[in-house]
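Below is one structure, written out as structure tokens, with a few remarks after it.
The values are calculated or read from the model by the stated rules, or taken from the named source; none is laboratory data. Worth saying up front: this structure is predicted, and the values here are computed from it rather than measured. So basically every Cβ, Gly included, is an ideal-geometry build from the backbone, and we count neighbours across all protein chains shown.
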Amino acid sequence: MIVALCSGQGRTFEAVVRILGQHVSDLICDMPDAPVIQRAQRLLVRARCVDRNSFPDRLSHEKQILKELESCGNFQLIVLLGYMRILSSEFLKQLRTKWPESEIINLHPAPLSLYKGAHGLNYALDTKVPRWGITVHRVTPELDSGPVVSYRTLDVYPDDTFETLRERAHPQEVSAVLEAIDTLTRRRPLQ
Amino acid sequence: MTSSQLEVQFGKVRINTAISKRERILTSTPRISAFDCVLPFDVESKGQILQAISVFFFINTRDIIPNHFIGCLDAQSMLVRSGKVLPLEVIVRCTLSGSLWKTYSASGPAEVRQVFGVELPDGLAQHARFSKPIVTFTTKAAFGHDETVTPAQATLHLEQWLNALNTDEPATATAEDASSIFKSPDQAQNLLSQVTDAALKLFDRGQEISEKSGLLLLDTKYEFALDEKRQLMLADEIHTPDASRYVDLELFRSGKIEHLSKEWLREIVQREESAFLKNAPEPEKNSPFVLRPFWQSDSFSESLAAGLSGQYKKLFARLFPELTPWDVVSAHLQPWPVDPNSVRSAEARQRLPSKVLVIGNGGRDYTLASFIEKAAEVDVVYCFPGRESWNGGKKASLNKLSSDQLVEFCKTHKIGWAVFGPEIPIAQGLAEKLRTAGIPCLAPDLAGAMLESSKIYTKEILQRAACPTAEAWTAGWAELKSLVEKTDGGKPPAHAVLDQYPYVLKYESLAAGKGVCLVFNENERKQAIEHFSENLAAWSADLAGRLAVDTYTRRIGEPQFLVEKLLPGREISAIALCHGEEFCLLPYAQDFKRRNDGQSGPNTGGMGSVCPVPLSPELDEQVRDIFRKTLKTLASEGKPYSGFLFAGLMVDDNNFAQVLEFNCRLGDPETQVILPGLGRDLLLNMWLTSLNLPWSGNPWAQNLQPNVVRHDGLQRCFVVVASPEYPNGSAPRRTLQIPENMKAGCNWIPSGVDAGNSTSAGRIGGVLSAAAHKEQAVRSCYNVVPQIRFAGENSAIPHFRRDICFPNLNGAPAAK
């Protein structure tokens, strides 16, 4: 079973759920108005919102997420698909203690070595690079670091807008996420 | 679990293996079918693409209706739940395309209403988009093409099916979650509306998803089943390009059509009809026939295969950009519930060879070839000698070969199996020759063939097996001759029984059906002996060394005869496929031997037949007992019999059956009415018999009782068309005229017809019809039979009996 953490649109989330079906059991979202929540409901994925703005600090917010995870059942994998908050090392430690068998990965729309942080595709447009990358990596306490699990590349054209580049990147993101999930669950098939 | 317990069904493009009562494995192959044929090429990646698309849509429609998908075992195999599949295909369309367009454009909206039960306005163009999708139905025919039906007809069809289902396995009232449809008086109606509702919702979902990918789903086909709790579920496949029409959405909006489905291939094949020579096999270098008789050119095949593979890949890339079929299915992999090797070996074991040989050139042998041809994995059925007029479909005749050349041909062309029709080639040792060349044969060995070629041997076996049969004595030809040649003193030197009338005098060995004479008095005895005297030279093939089989005639060096007590009663015949002590009885058939109506006129090879004919349980048990005892005796004497065994029986007024004779083959014209109603289980047992392997138990086969083959339940009637001279005197060659479009359910089965429809035997062929009721079958048969004529003005009129199935015995002389 997989739990997805998202903050926004959830297009990649939807594509992944359409292919993995009930293997994606839960969505946890930190933004109450994010369209991903409605997508999840349509796709029959249990959705819960842990509104980041109703907690005084990151730690109490993460504490609530851990609480929600406990009700998610026997998950094998947490996938961050456009989750816009950095997870603390305390959170990751708790995760490892409570679910030693589980993994946590993040979809990062940039090559890890070239760019860390949010809005990777905008950075590619701003810096006018001819090619860009999509990375799925294991999550470590350090921001956008950790071992790469899967990687895709794509062309960036001089006349690309954010929309055209996002269109081109979308299938690459889905493909990278599916490959990463396949790699990490090969030894232990998804429940 | 051993491989023999897995029941494998080879579909046109998928293999369906039952691994338990509840679960099956569906394997998608790279094959493709169109126009009722499996096309002679593989389509690269097709199996994986089809499975991935089905899996994707099964997962994404679970909220609408449950389906049979459990999980994937590999890229081409999925595990599914078994169910009772509804006898309907449900078609949903959003445009005027396919068969609906064909009917609409050819015959107009009135005909569409008549056939499909759908109201359409006048003046629509092809691919006109409907305001909302419409649902139509076709029946899944037991034989022939699927037939379009109106919703009203579909309801009736479902009702019959539900009734049969409830009779077989009454729904348990305690099953709480049993669907409510079974509690309602209008269960068929309710089931149909459930199905319609689900199909429309599924289609909406399919359109929604494909439109996001720039595709338009024009139409698709669904199949449904009832699961073990009798709840409706989606079965088969969903939204695959084999069962749907997808087009490019942008192009469609601008009035152009680009098919991304099997329709792409159908259109090309229809356009290039000359390359698709279904009924005209082309001679090929070094071989008298092309391997796949229905294709002209390899390069055409290759271009179609590559093109279609391209369209399927394009469709997949639209639906799943940047993904492979493996990406889509891999998360749903699960361990094999049985050893995959046992599944593969069950498939291999139950797969017939791609090239099969049928020996014979009569109507029976044509029917045998047609029966084998139905197996999807069989590519070609060679017929030896066959007839040129048979070529077409998968049949190809080898009438230019001698029997020595045949063995060579079989070796060079890697023929995998030979099935024998008539007895003479078996007695001549052709089966032994082929076996020596390593080709499995369905034919008894020479010891088994003695059951037909030596009536004295048969009598001995029957007596040792304690089977009821007439008392009999043997007599030599010299002994018989002495009865008519006045010797000195007129003392009868022959056995006294020859004076004790009435009796039957039978030539011991093979005599082309003419070696039996009824003797009621001294005069008839004289006539019988004269008859033998005239024919013996022609019959004594065994003496002349033309038969490989043993006979008493050969052992003694003098023609031998059997003098048998005449048994009163009616004749019935029973045919069983036998393998050692195992046997399965084929459905009983009745044949009509007399030439004329009311069972009058001379005896013939048979003027018609009907099947199935019910036999009382007591009689049925007697027949089984006869087979059981005979096979046991043969096996215990070290001569186990394998192949078809035909028993001619006489049943007296007390319903007591006695054996008249055995034949080591299928009967003609019984075969013509028996085989078309039978399915793969018989074919498989025929194949296993030839390999000398035990029959598979098929423990999960439905309705399978021991020693009984599954029958499609249809009544069949066969009326022979003969030359007017038949059976006396030889007929001149004439040209036969056969109506081109036979009524549905009727088939022409040729026996004595050569190339150009030139007749070459007394019995020319016959019309076979099938229907739910016997009366119906007979009626439609007789609608067609009189249309069969000889060419030319003032020509003779073919002879046929007008009372097959319901003989008019009023005022006609009773049969002897």
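If A:Ser113 satisfies all but one of (1) of a type in the set (S, T, N, Q); (2) assigned to a loop (DSSP other than H, G, I, E, B); (3) surrounded by 16 or more Cβ atoms within 10 Å (Cβ to Cβ), what's the number of the condition it fails?
Single failed check for A:Ser113: (3).
Quick one: in segment A:147-164, which of the residues that are in contact (Cβ under 8 Å) with a residue 12 or more places away in the chain and more than 13 Å from A:Lys128 (Cα to Cα) is farthest from the other protein chains (Cβ to nearest Cβ)?
The selected residue is A:Val148.
Return the residues of segment A:149-173 that are touching a Lys or Arg at 6+ places or on another chain (Cβ under 8 Å), surrounded by 12 or more Cβ atoms within 10 Å (Cβ to Cβ) and outside any loop (DSSP other than H, G, I, E, B); say none if nothing qualifies.
If the condition is that a residue be touching a Lys or Arg at 6+ places or on another chain (Cβ under 8 Å), surrounded by 12 or more Cβ atoms within 10 Å (Cβ to Cβ) and outside any loop (DSSP other than H, G, I, E, B), then A:Val149, A:Leu154, A:His170, A:Gln172, A:Glu173 are the ones that fit.
Which of the following residues is buried (at least 20 other Cβ atoms within 10 Å of the Cβ) and of a type in the set (Gly, Ala, Ser): B:Gly598, B:Gly643, B:Gly638, B:Gly648?
B:Gly643
Within segment A:15-28, identify whether any single residue is under 22 Å from A:Arg188 (Cα atoms) and more than 14 Å from chain B (Cβ to nearest Cβ), and answer yes or no.
Among the residues of segment A:15-28, at least one is under 22 Å from A:Arg188 (Cα atoms) and more than 14 Å from chain B (Cβ to nearest Cβ), which makes the answer yes.
Between a first residue in segment B:351-374 that is farther than 14 Å from B:Ile426 by Cβ and a second residue that is outside any loop (DSSP other than H, G, I, E, B) and charged (D, E, K, R), which pairs have beta carbons less than 6 Å apart while being 6 or more apart in sequence or on different chains?
B:Ala369/B:Lys395
Given the options B:Ala331, B:Ala317, B:Ala306, name the one that is within 30 Å of B:Lys414 (Cβ to Cβ), at pLDDT 85 or above and of a type outside the set (Phe, Trp, Tyr).
B:Ala306
Have a look at B:Pro640, B:Pro587, B:Pro614 and point out the one that is more than 22 Å from B:Glu452 (Cα to Cα) and either in a loop (DSSP other than H, G, I, E, B) or among the small types (Gly, Ala, Ser) (or both).
B:Pro614
Identify, by number, the condition in (1) in a helix (DSSP H, G or I); (2) among the aliphatic types (A, V, I, L, M); (3) buried (at least 17 other Cβ atoms within 10 Å of the Cβ); (4) more than 14 Å from chain A (Cβ to nearest Cβ) that B:Ala348 doesn't meet.
Against the list (1) in a helix (DSSP H, G or I); (2) among the aliphatic types (A, V, I, L, M); (3) buried (at least 17 other Cβ atoms within 10 Å of the Cβ); (4) more than 14 Å from chain A (Cβ to nearest Cβ), B:Ala348 comes up short only on (3).
Check whether at least one residue in segment A:165-183 is more than 22 Å from B:Ser330 (Cβ to Cβ), within 14 Å of chain B (Cβ to nearest Cβ) and free of Cβ contacts under 8 Å to residues at least 24 places away in the same chain, and report yes or no.
yes
Kindly provide the set of residues from segment B:332-343 that are more than 8 Å from chain A (Cβ to nearest Cβ), in a helix (DSSP H, G or I) and surrounded by 17 or more Cβ atoms within 10 Å (Cβ to Cβ), ordered by number.
B:Ser342, B:Val343
Please find, within segment B:234-260, the residue that is surrounded by the fewest Cβ atoms within 10 Å (Cβ to Cβ) out of those that are polar (S, T, N, Q) and within 31 Å of the chain's Cα centre (by Cα).
Going through the qualifying residues, I end up with B:Thr240.
Return a yes/no flag: does segment A:76-84 have any residue that is over 24 Å from A:Gly117 (Cβ atoms), more than 12 Å from chain B (Cβ to nearest Cβ) and of a type outside the set (Lys, Arg).
no
Would you point out the residue of segment B:321-331, among those that are crowded, with 20+ Cβ neighbours inside 10 Å and more than 7 Å from chain A (Cβ to nearest Cβ), that is farthest from B:Met78 (Cα to Cα)?
So, considering only residues that are crowded, with 20+ Cβ neighbours inside 10 Å and more than 7 Å from chain A (Cβ to nearest Cβ), the one farthest from B:Met78 (Cα to Cα) is B:Pro325.
What's the total number of residues in segment B:393-437 that are at positive phi and under 26 Å from the mean Cα position of the chain (by Cα)?
Residues that pass the stated criteria total 2.
With the structure loaded, tell me whether B:Ser77 is out of contact with any strand residue (DSSP E or B) (no Cβ under 9 Å at 6 or more places or on another chain) and either buried (at least 19 other Cβ atoms within 10 Å of the Cβ) or of a type in the set (S, T, N, Q) (or both) or whether it fails that test.
no
Which residues, counting only those in segment B:62-71, are within 11 Å of chain A (Cβ to nearest Cβ) and crowded, with 21+ Cβ neighbours inside 10 Å?
B:Phe69
How do the strands (runs of 3 or more DSSP E) wholly within segment B:36-109 filter down when requiring 2 or more residues that are in contact with a helix residue (DSSP H, G or I) (Cβ under 8 Å, 6 or more places away or on another chain) and closer than 20 Å to B:Pro151 by Cα: which remain?
B:84-95
Select the helices (runs of 4 or more DSSP H) contained entirely in segment B:391-474, then report the ones holding at least 1 residues which are more than 24 Å from B:Ile372 (Cα to Cα) and not assigned by TED's automatic domain parsing to the domain that holds B:Glu377.
B:446-453, B:455-464
Looking at segment B:353-392 only, could you name the residues that are surrounded by fewer than 21 Cβ atoms within 10 Å (Cβ to Cβ), over 13 Å from the mean Cα position of the chain (by Cα) and closer than 30 Å to B:Ile25 by Cα?
B:Pro353, B:Ser354, B:Lys355, B:Glu377, B:Asp379, listed by residue number.
Within segment B:34-41, is there a residue that is over 22 Å from B:Val269 (Cα atoms) and surrounded by 22 or more Cβ atoms within 10 Å (Cβ to Cβ)?
no
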